[in-house]
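**Q** Before we start, here is the structure in question, set down as structure tokens.
Here, each number is a calculation from the coordinates, and none is a lab measurement. Predicted, not measured: the structure shown is a model, and the values here were computed from it. Cβ placement follows ideal geometry from the backbone for every residue including glycine, while neighbour counts extend to all protein chains displayed.
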Amino acid sequence: MKKILSILIVCARAVAMMAGCASSNSNAPVSTELGQSEHVVILVLDALSSSYLSKMGPKSNLAKIAQAGACVLDAQCVYPSHTLTNHATIMTGASSGAHGIIGNVRLAEDGVTTIKSKEPEMIQCETIFELAKAQGLKTAVVSGKNNLVTLFSKDCDVGTSNVRPLSYLKDAPNLDNAETNEDYYEMNLELADWVFESLYTVLETEAPNLTLVNVQSSDYIGHRFGPESEEMNTCLKRIDKALGKFYDKMKKSGMLDDTTLIIVADHGMTSSDKAINLNVLTMMNFPGAAAAIDGRTGYIWLNDTDEAEVIAFFENTEGVASIFSGTSEIAQELGVASQDGPDLILNSEAGYVFLPQPMIDEYHGQHGSPDDSDMIIPMICVGGGIPAGAGIEVTDLRAVAPLVCKLLGISGGEFEISEPVLLPQQDLSAFKK
């Protein structure tokens with residue numbers, strides 16, 4: 001009996017000592033200094049709004065990764081809150097008016113046709129791919145959206161997407177073959193898995209110094225089914241599972257020791273169920289002008305049409321939240337002012353979207369506006385050069401490019417803002433349900 005009692009006392013003392021050590025470690029000061037890294041992966045979880053974090057919860061892999069690194073969970077994207085715009089900002093450190101990718105679409109040279117803003121020559125600023133290549137570094141893009149491989153093809157050594165996989169990658173799901181909503185949903189989930197699996201293979205095979213990644217599923221599923229749908233809830237779980245698996249492989253292989261993982265979203269998502277047919281309204285009332293629709297943003301090129309008349313008309317159109325000149329003070333405040341962009345920019349009210357009425361049943365979520373639901377995003381950094389347990393002062397996606405240059409030791413970049421400022425404390429409350 002005495003022997004058992006002695007063993008219990010020894011065990012109790014050991015537990016107490018371990019608790020004391022844990023308490024001591026938890027009270028240890030958190031570094032707020034950035035280090036350097038040999039490799040950086042910019043992982044964009046497309047349309048993963050900060051509002052989703054509470055659904056994912058404090059036990060999610062994303063929350064654990066945030067806790068292991070540095071984070072700010074209420075960062076911002078830039079306006080307009082669209083994919084091509086914000087990926088261009090991530091890669092240049094510039095606002096949309098400066099880098100020239102104002103929204104996902106623009107008017108073609110014929111003045112009538114709408115085209116995607118996906119060509120590399122459309123970017124009017126130097127990208128961090130160009131800076132990296134100038135210093136002999138290797139670059140890569142792995143994406144569930146082929147447009148991003150195209151947009152950043154200049155100075156990209158390795159580019160792959162679901163429609164053009166590298167020879168050593170497994171075949172990817174093809175969304176063009178999705179004939180039903182169920183097919184589309186399942187293929188998007190499978191494609192997210194493919195992106196994570198392909199990313200690890202590319203990192204292991206090619207060892208790029210700088211890699212841009214886009215996981216498309218939360219965007220496509222949010223558009224089709226809506227941000228509050230059960231399909232979206234399942235999508236978030238699937239992304240989190242694939243992310244956790246990828247992160248664990250990086251840790252176990254030792255890859256994370258000299259690799260920084262920067263996890264961000266490019267925009268949020270807002271539920272929508274009412275259409276504003278901007279093209280028809282413009283054509284019927286201002287036949288000389290041209291319009292383009294882009295989710296919760298719309299663009300008008302006046303072509304000598306009276307600006308005041310157009311503004312007055314759309315200010316009184318149901319569902320239009322605002323309309324302003326592309327060179328106005330409002331445009332400057334939003335970072336979208338440009339002599340080369342649209343003459344007028346419109347934002348929709350929550351619940352409304354610039355779409356033809358027949359298409360509204362295909363889209364239950366949209367983005368593009370300056371509303372918080374479209375703009376507030378997480379920014380999480382972990383791995384080489386990142387102190388564990390640090391917070392990040394509230395910033396926006398323009399800070400990613402200078403952060404990458406700081407981590408990789410790249411010189412020569414000119415950016416609108418500096419790299420993120422680290423704080424000694426984290427705020428993980430956004431993950432609470």
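**Q** In whole percent, what relative contact order does the chain give with Cα contacts below 8 Å and a gap of six or more residues?
**A** Once normalised by length, the contact order is 31 percent.
**Q** Let me ask something else. Can you compute the charge dipole magnitude of the chain about its Cα centre, using +1 on each Lys and Arg Cβ and -1 on each Asp and Glu Cβ, nothing else charged? Give it in debye, rounded to the nearest 20.
**A** The dipole magnitude comes to about 2820 debye.
**Q** Name the helices (complete DSSP H segments) of the chain with a Cα length along the long axis of 15 Å or more and a Kyte-Doolittle mean of at least 0.5, or state none.
**A** 2-26
**Q** Please compute the Kirkwood hydrodynamic radius of the range 271-366 from all pairs of different C-alpha atoms, in Å with one decimal.
**A** 13.4 Å
**Q** Also, quick follow-up: Expressed as a whole number of Å, what is the distance separating the alpha-carbon centroids of the range 367-419 and the range 25-63?
**A** 11 Å
**Q** Using only the alpha carbon atoms of the range 30-176, find the Kirkwood hydrodynamic radius as the inverse mean reciprocal pair distance, in angstroms to one decimal. The partial results should precede the final answer.
**A** Working: mean 1/r = 0.0569 Å⁻¹.
Hydrodynamic radius (Kirkwood, Cα pairs) of the range 30-176 is 17.6 Å.
**Q** Take the cross-link list 154/245; 241/433; 249/406 and give me the ones stretching past 28 Å between alpha-carbons.
**A** Details: 154/245 31 Å; 241/433 18 Å; 249/406 25 Å.
Cα-Cα > 28 Å for 154/245; rest within.
**Q** In the range 272-374, which GluC sites (Glu not before Pro) fall in coil by DSSP and have 16 or fewer other Cβ atoms within 10 Å?
**A** 318
**Q** Only sites in a loop by DSSP and with at most 14 other Cβ atoms within 10 Å count here; which GluC sites (Glu not before Pro) in the range 120-225 make the cut?
**A** On the way: sites: 121, 126, 130, 179, 182, 186, 190, 197, 204, 206; in loops: 126, 179.
Filter output for the range 120-225: 179.
**Q** Subtracting the Cα-Cα distance from 0.36 nm times the residue separation, let me have the gained length for residue 190 to residue 59 in nm, one decimal.
**A** On the way: separation 131, 0.36 × 131 = 47.16 nm, distance 2.32 nm.
Going from the current span to full extension adds 44.8 nm.
**Q** Something else about it: Quickly work out the residue 166-to-residue 433 label distance, labels modelled 7 Å from Cα along the C-beta direction, and quote it in nm with one decimal.
**A** Result: 3.9 nm between the two label points.
**Q** Counting other C-beta atoms within 10 Å, which of 95, 167, 348 has the fewest, and how do the rest follow?
**A** Values: 95 25, 167 5, 348 29.
Listed from fewest to most nearby Cβ atoms, that is 167, 95, 348.
**Q** Additional query: Return the long-range amide H neighbours of residue 391 (sequence gap of 5 or more, or a different chain), with a cut-off of under 5 Å between placed amide H atoms.
**A** Amide H to amide H, under 5 Å and 5 or more residues apart or across chains, residue 391 pairs with 71, 423, 425, 426.
**Q** Along the charge dipole of the chain, Cβ charges K/R +1 and D/E -1, which of 122, 392, 377 sits furthest on the positive end?
**A** 392
**Q** State, to one decimal in nm, how far the label point of residue 134 lies from the label point of residue 179, with both points 7 Å from Cα in the Cβ direction.
**A** 5.3 nm
**Q** Taking amide H positions as placed in the peptide plane 1.01 Å from N, state which residues far from residue 337 in sequence (5 or more) or on other chains have amide H under 5 Å from it.
**A** Excluding prolines and chain starts, which carry no amide H, the hits are 97, 332.
**Q** What label, among [x] 1.03; [y] 0.97; [z] 0.99, belongs to Rg/Rh (Cα atoms, Kirkwood Rh) computed from the structure on display?
**A** Correct label is [x].
**Q** OK, next. Collect residues whose amide H, placed 1.01 Å from N in the peptide plane, falls under 5 Å from the amide H of residue 159; neighbours closer than 5 in sequence don't count.
**A** Here 141 satisfy the definition.
**Q** Can you give the extra length, in nm with one decimal, that the chain gains between residue 372 and residue 153 once fully stretched, where that is 0.36 nm per residue apart less the Cα-Cα distance? Walk me through the numbers before you get to the answer.
**A** Values: separation 219, 0.36 × 219 = 78.84 nm, distance 3.15 nm.
Difference between extended and current length: 75.7 nm.
**Q** If the only charges are +1 at each Lys and Arg Cβ and -1 at each Asp and Glu Cβ, what is the size of the charge dipole of the range 225-353 around the Cα centre, to the nearest 20 debye?
**A** 1060 debye
**Q** Per DSSP H run of n ≥ 4, the term is -39500 (n - 2.57); total these for the chain, divide by its residue number, and report the mean residue ellipticity at 222 nm rounded to 500 deg cm²/dmol.
**A** One gets -11000 deg cm²/dmol as the mean residue ellipticity at 222 nm.
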